[in-house]
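See below for the structure under consideration.
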């Protein structure tokens, strides 16, 4: 089964670092692209770069680093106007691995399952 196209968007070098870290674990991830927002970059210019990364692919999952940040807002605006494009914010290494390698159903239920997988890796250690 062909994996869906995944685009990681976020601030600065974080998207590329997430992909590089995922590739250390999983090997080459040709279905994953990254678009980092540069300091001082205009949102319209960033939008154009995200659209370029999306290309003509259908069934696209965009992972953004921070809810309400410019990369997330740009991705959400694109997804509202483009069919078969979904956005999940709070990108982490676990989320990138699951999205890139798992059999993620691009539907509301499928993305809820993806969010549960990501949340399951969150733990805390109480201070002593």
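All of 50, 60 fail the test of being at pLDDT below 95 and in contact with a helix residue (DSSP H, G or I) (Cβ under 9 Å, 6 or more places away or on another chain), apart from 60. Can you spot a residue in the stretch 18-32 that is surrounded by 20 or more Cβ atoms within 10 Å (Cβ to Cβ), in contact with a strand residue (DSSP E or B) (Cβ under 6 Å, 6 or more places away or on another chain), assigned to a strand (DSSP E or B) and without any contact (Cβ under 8 Å) to a residue 60 or more places away in the chain? Within the stretch 18-32, none of the residues are surrounded by 20 or more Cβ atoms within 10 Å (Cβ to Cβ), in contact with a strand residue (DSSP E or B) (Cβ under 6 Å, 6 or more places away or on another chain), assigned to a strand (DSSP E or B) and without any contact (Cβ under 8 Å) to a residue 60 or more places away in the chain.
Take residue 62 and tell me if it is under 25 Å from residue 112 (Cβ atoms), touching a residue at least 40 places away in the same chain (Cβ under 8 Å) and exposed (fewer than 12 other Cβ atoms within 10 Å of the Cβ). Against the criterion (under 25 Å from residue 112 (Cβ atoms), touching a residue at least 40 places away in the same chain (Cβ under 8 Å) and exposed (fewer than 12 other Cβ atoms within 10 Å of the Cβ)), residue 62 does not qualify.
If I filter the stretch 94-117 for residues that are assigned to a helix (DSSP H, G or I), in contact with a helix residue (DSSP H, G or I) (Cβ under 7 Å, 6 or more places away or on another chain), closer than 18 Å to residue 18 by Cβ and at pLDDT 95 or above, do I get at least one hit? No: the stretch 94-117 contains no residue that is assigned to a helix (DSSP H, G or I), in contact with a helix residue (DSSP H, G or I) (Cβ under 7 Å, 6 or more places away or on another chain), closer than 18 Å to residue 18 by Cβ and at pLDDT 95 or above. From the list 45, 11, the one residue that fits, being out of contact with any strand residue (DSSP E or B) (no Cβ under 8 Å at 6 or more places or on another chain), at pLDDT 95 or above and more than 18 Å from residue 106 (Cβ to Cβ), is 45.
The values are calculated or read from the model by the stated rules, or taken from the named source; none is laboratory data. The shown structure was predicted, so the numbers you read here are calculated from the model rather than taken from an experiment. Note: ideal-geometry Cβ built from the backbone for every residue, glycine included; neighbour counts use all protein chains shown.
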